[in-house]
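No lab work stands behind these numbers, since they all come straight from the coordinates. As the structure is a computational prediction, the values presented were derived from the model and not from experiment. Cβ coordinates were reconstructed from backbone atoms using ideal geometry, including for glycine residues, and neighbour counts include every protein chain displayed.
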Amino acid sequence: MLMKNGLLALLITVCSLNALSQVVPDTTNITIGDKTIIVIDSNPTKQQTEAPTDNTEPISDLEVEDQKLLLTHFAGIDLGFTRLIDESNNSLRDSATDWLSLNPNRSLTWRLNLLEQKVRLYRDYIGILTGFSITYAGYGLQNNIDLASSDSAGTFGVAIDTDDRDYYKNKLRTTSLQIPLMLEFNSSCNPKKHFHLAVGVQGGWVTTSIQKQKWQNELGRFTSRRRDEFNIQPLTLDLAVRFGFNKTSVFVNYGLEPLFKKQLGTNVFPLIFGIQLTQF
């Protein structure tokens, strides 16, 4: 009877170990003398359920688009200075064009670059950049003059009797809608460490032009704000350059078309330069 019970117990033990080895494949048998120690993995399915790790996971389309935006440097707010230069690239005025002399401290520009779009040519190293911007260019006239209206004989400065009006602020301001088309280069695909350069043209349309004047006499303070065409060229075309490091950019725009219509006055060309205050 005892032998039957022992054989039954041994049979049950063998069956149990066999079933355990099928359920728990990760076991280790350690034999010491006539004893066997079985080490069982507490989570035998861990390696089967965990997905293999791969550090080279494919980049999604959204991440690619974000990377492209990080390596484009147009959208943002620009602030700079305006100058007028002649066909000899001279900013100094002679006696015939002295009426166009500018006050540098009052000749400022700022630009809202609202949209940007980039077409990759070679990864993020080379691409074509375009966008849309609104540009405000101010020309602080140094002399005590009025600008001729668009229906006048020409674009000339008209001297004002200083006993009647002596302008302490005399500014011509234009507002333009502009679209750039530039070839952009990046020294690296790392958005946190790269030099960038964009060269091309920037075309625009002058929507408004205003001359704002302030003067004072014995009768009090006066302000005049006159909106006119002032014989200003309605369509503009600039040679544009933007360059910098990381998110810092400077820009230079050189007018390929004169500020005033060619047949109506002295040819002077806008020169605008400055820095990008922030990027969108």
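Laid out as a table, the results:
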item	result
For the range 202-268: rounded, prolate or oblate by the Cα gyration tensor [a/c cutoff 1.5]	oblate
Potential lengthening between Leu219 and Glu87 on full extension [0.36 nm per residue; Cα-Cα distance subtracted]	43.2 nm
Residues Cys189 and Trp110, FRET efficiency given R0 of 22 Å [Cβ-Cβ distance, rounded to 0.05]	0.10
Ile275 versus Val250: modelled label distance in nm, points set 7 Å from Cα along the beta carbon direction	0.9 nm
Karplus (6.51, -1.76, 1.60) ³J(HN,Hα), θ = phi - 60°, over the range 184-195, in Hz, Gly and Pro reported as x	10, 10, 10, 6, 8, 8, 7, x, 9, 7, 6, 8
Residue order, fewest to most beta carbons within 10 Å, for Glu116, Glu184, Glu218	Glu218, Glu116, Glu184
Order of Thr130, Thr82 under a 10 Å beta carbon neighbour criterion, fewest first	Thr130, Thr82
